[in-house]
1. May I ask for the distance between the Cα centers of region 94-123 and region 67-84, given as a whole number of Å?
2. Show me, for region 49-65, the HN-Hα J-couplings you get by feeding each phi into the Karplus relation (A = 6.51, B = -1.76, C = 1.60, θ = phi - 60°), rounded to Hz, glycine and proline as x.
3. Kindly rank 52-61, 99-108, 151-160, 224-233 from highest to lowest mean number of other beta carbons found within 10 Å of each residue.
4. For the pair Leu335 and Leu86, how long in nm is the line joining their label points, each one 7 Å along Cα→Cβ?
5. Which Cα, out of Phe179, Ser303, Ile29, lies furthest along the positive dipole direction of region 2-341 (beta carbon charges, K/R +1, D/E -1)?
6. With springs connecting C-alpha atoms under 10 Å apart, model the chain as a Gaussian network and identify which of Gln72, Gln90, Gln176 has the largest mean-square fluctuation.
7. Can you give the Kirkwood hydrodynamic radius for region 12-137, in Å, rounded to one decimal and based on Cα pairs?
8. How long are the semi-axes of the equivalent ellipsoid of the chain, defined as square roots of 5 times the Cα gyration tensor eigenvalues? Whole Å, largest first.
Amino acid sequence: MYDIAIIGLGPAGSTLARMLDKKFKIIAIDKKTEDENKGFQKPCGGLLSPDAQKMLIQFNLTLPVNILSNPQIFGVKTIDTGSNLLRNYQRTYVNVDRHKFDLWLKSLIPENIEIKNNSFCRNIRKTENGYLLNFVENGKESTISAKYIIGADGANSIVRNTVYGKNKIPQYTSIQQWFRDINPNPFYSCIFDRDILKTCAWSISKDGYFIFGGAFGLEKSRENFEKLKEKLKKYGFNFGDVIKTEACLVLAPKKFSNFCCGKDNSFLIGEAAGFISPSSYEGISYAFDSAYILSKVLNSEISSPNQKYKSKTLKIRLKIFTKIIKAKILYNPFLRKMIMKSGISNINIIDEK
Ligand SMILES: Cc1cc2nc3c(=O)[nH]c(=O)nc-3n(C[C@H](O)[C@H](O)[C@H](O)COP(=O)(O)OP(=O)(O)OC[C@H]3O[C@@H](n4cnc5c(N)ncnc54)[C@H](O)[C@@H]3O)c2cc1C
């Protein structure tokens with residue numbers, strides 16, 4: 001019998017595991033492998049937003065340089081194919097290798113926590129005293145029980161699906177492809193296309209690779225991805241041979257009631273709770289923040305932790321709600337055109353020839 005079982009050691013789960021008191025008996029189950037070429041890796045842009053950077057300051061953590069990706073880019077080219085407009089906006093992201101970043105966060109977890117790597121949680125059942133959890137570690141099946149269960153298992157959370165049922169939060173298929181970067185100048189981009197995309201697509205240059213991705217409706221997602229690639233060739237995108245294709249679900253909360261904080265001694269943190277911006281798909285800062293809030297609640301051994309966690313995450317939910325409104329404006333072709341046309345915040349590139 002464990003006090004706490006954490007499912008998933010991405011930014012949310014690793015942060016919670018690091019911050020929980022040593023008085024608890026804790027098990028953490030994560031399907032990631034250390035090997036870059038094997039097993040599950042989170043498809044991600046690997047851009048640390050100013051809010052994520054702020055959380056690292058609060059945690060008194062400094063990033064090891066081997067986690068940084070090359071180059072660091074300070075602007076994003078924003079392209080709207082419908083109005084044929086291109087703008088350059090300043091962004092102060094830190095470009096990191098997402099897999100190395102996750103492994104670094106995992107390396108900070110104290111030794112008292114029992115970590116099951118390369119392990120997949122496949123079933124959760126509520127019991128009188130807590131939860132029974134079934135997982136497979138290197139092909140071997142085990143069942144454990146825990147008083148509290150934490151879903152830090154991302155967009156397709158088994159904890160959320162068990163407690164709330166499927167499809168509680170609107171979702172898209174996110175597809176990313178990796179190419180050798182043959183562009184003369186590495187760049188970030190954000191792409192809007194009213195025919196193919198309901199939200200946006202993006203590209204990122206990272207360590208000699210050009211990563212192109214987007215969030216697509218669940219139906220015909222691959223077909224639409226290829227259509228968009230074709231369309232972008234005329235905007236100067238050079239794709240070349242595909243090195244790797246990755247796909248996963250990505251959540252896009254659309255209303256306040258979409259968020260799921262957990263109930264009956266189950267808790268959801270990070271993207272599993274729906275804590276991700278539907279306007280930029282930035283989620284690492286919310287993963288950090290919700291994990292920190294939950295650690296404070298559980299460490300204080302308060303009598304109604306679910307209620308406390310829900311009330312303490314109100315500021316996160318309100319903040320993401322402002323992003324829901326921002327998304328409604330950005331994804332409206334007419335309003336977007338007006339904003340881009342205004343030229344506000346646009347930085348013109350100087351032609352040095
Ligand atoms: C394509 C894409 C690009 C993105 N780009 C950015 C970006 O540039 N910047 C940014 O801030 N955010 C970005 N996001 C959002 C960001 O990736 C997430 O919000 C963030 O990773 C959430 O962290 P998390 O710890 O909650 O979940 P995750 O990072 O998804 O971690 C979940 C963990 O749970 C484990 N897991 C899942 N299911 C199980 C199971 N059944 N059993 C055991 N383990 C399990 C996985 O191994 C994983 O390690 C992007 C998302 C997508 C899809």
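All of the numbers you see were taken from the coordinates with simple rules; none came from a lab. No experiment lies behind these values; they were computed from the predicted model shown. Neighbour counts run over all protein chains shown; Cβ positions are idealised from the backbone, glycine included.
1. 29 Å
2. So the Karplus estimates, Gly and Pro as x, are 6, x, 5, 5, 4, 4, 5, 5, 5, 4, 7, 6, 10, 10, 7, x, 5 Hz.
3. Numbers: 52-61: 14.0, 99-108: 18.2, 151-160: 25.1, 224-233: 16.5.
Ranked from most to least packed, the peptides come out as 151-160, 99-108, 224-233, 52-61.
4. It is 2.7 nm.
5. So the residue we want is Ser303.
6. Gln90
7. Details: mean 1/r = 0.0569 Å⁻¹.
Averaging 1/r across every pair of different Cα atoms and inverting gives 17.6 Å.
8. Details: eigenvalues 263, 90, 74 Å².
Semi-axes from the Cα gyration tensor: 36, 21, 19 Å.
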